[in-house]
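Take a look at the structure below.
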Amino acid sequence: MITPDHPWYDAIRETLGRVGFYTAQRLEQLCRGASGSLPRMGDDELLNSDLGLTLQDLAAVAEGEDRSADPGEVHDQVQSVCEALFARPGTAAYDIPPDWWATGVGRLCRLALAVVTGGEDLMTIAEAAAELGVTTQAVSGAISRGDLRAVTDPEGGQRNQYGARRLVFRDEVERLRQERGGGASAVD
């Protein structure tokens with residue numbers, strides 16, 4: 001388990017505390033009239049929750065303590081963190097506030113993704129468009145449809161009108177290029 005001297009401990013603990021508080025508050029609203037008060041989770045229980053363990057795994061990747069992490073698994077872990085924090089119960093859709101990526105846990109997620117993918121595994125939307133022979137709008141459309149995964153540039157990069165610069169995975173661009181087989185239909 002992560003200890004208080006770990007560089008990401010405070011960010012993880014703060015996020016888990018907020019999630020625990022929000023969850024307890026929501027349960028109390030849903031269970032009005034029930035006898036007694038609902039128990040609250042302590043720090044250790046929160047750190048050992050699924051979300052807590054996922055954040056600790058991401059911290060190990062971000063700090064280089066887990067050099068065998070699979071990029072796809074790390075991406076899935078970041079996605080599960082975002083779903084836990086931003087999805088409404090009963091829905092799969094969620095929006096990540098752009099300023100969240102600047103928070104402690106947002107930075108942790110971005111850094112873990114950057115560590116496992118390295119700079120060579122990521123490319124800008126403009127680079128992907130040039131590789132595919134399409135417009136940047138077509139690449140953005142592929143991202144919106146889920147045909148291409150995008151991550152926020154962990155280095156910040158040049159911001160565009162929509163917020164932080166997004167990067168795409170080089171191997172997915174290559175897959176789309178092969179699917180195109182000379183036509184733009186896989187991207188447009």
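The values are calculated or read from the model by the stated rules, or taken from the named source; none is laboratory data. Fair warning: this is a prediction, and the values are worked out from it, not measured in the lab. Every residue, glycine as well, gets a Cβ built from its backbone with ideal geometry; the counts of neighbours run over all protein chains shown.
Listing for the model above:
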item	result
Any hit, segment 127-145, residues being in a helix (DSSP H, G or I), of a type in the set (Val, Ile, Thr) and at pLDDT below 90	yes
Top-ranked residue in segment 40-53 [being part of a loop (DSSP other than H, G, I, E, B) and modelled with pLDDT of 80 or more; ranked as farthest from the chain's Cα centre (by Cα)]	Asn48
Arg107 of a type outside the set (Gly, Ala, Ser) and surrounded by 14 or more Cβ atoms within 10 Å (Cβ to Cβ)	yes
Only one of Arg165, Arg159 that is at pLDDT below 75 and surrounded by 13 or more Cβ atoms within 10 Å (Cβ to Cβ)	Arg165
Only one of Ala69, Ala60, Ala87 that is surrounded by 13 or more Cβ atoms within 10 Å (Cβ to Cβ) and touching a residue at least 12 places away in the same chain (Cβ under 8 Å)	Ala69
Flag if Gln56 is under 27 Å from Thr117 (Cβ atoms) and in a helix (DSSP H, G or I)	yes
Residue within segment 10-26 that is under 26 Å from Asp171 (Cβ atoms) and either at pLDDT 90 or above or not assigned by TED's automatic domain parsing to the domain that holds Arg110 (or both) present	no
Condition check for Ser37: at pLDDT below 85 and hydroxyl-bearing (Ser, Thr, Tyr)	yes
Subset of segment 126-137 [out of contact with any strand residue (DSSP E or B) (no Cβ under 8 Å at 6 or more places or on another chain), surrounded by 19 or more Cβ atoms within 10 Å (Cβ to Cβ) and in contact (Cβ under 8 Å) with a residue 40 or more places away in the chain]	Leu132, Val134
Qualifying positions in segment 96-125 - more than 21 Å from Gly17 (Cβ to Cβ), in contact (Cβ under 8 Å) with a residue 12 or more places away in the chain and among the small types (Gly, Ala, Ser)	Ala114
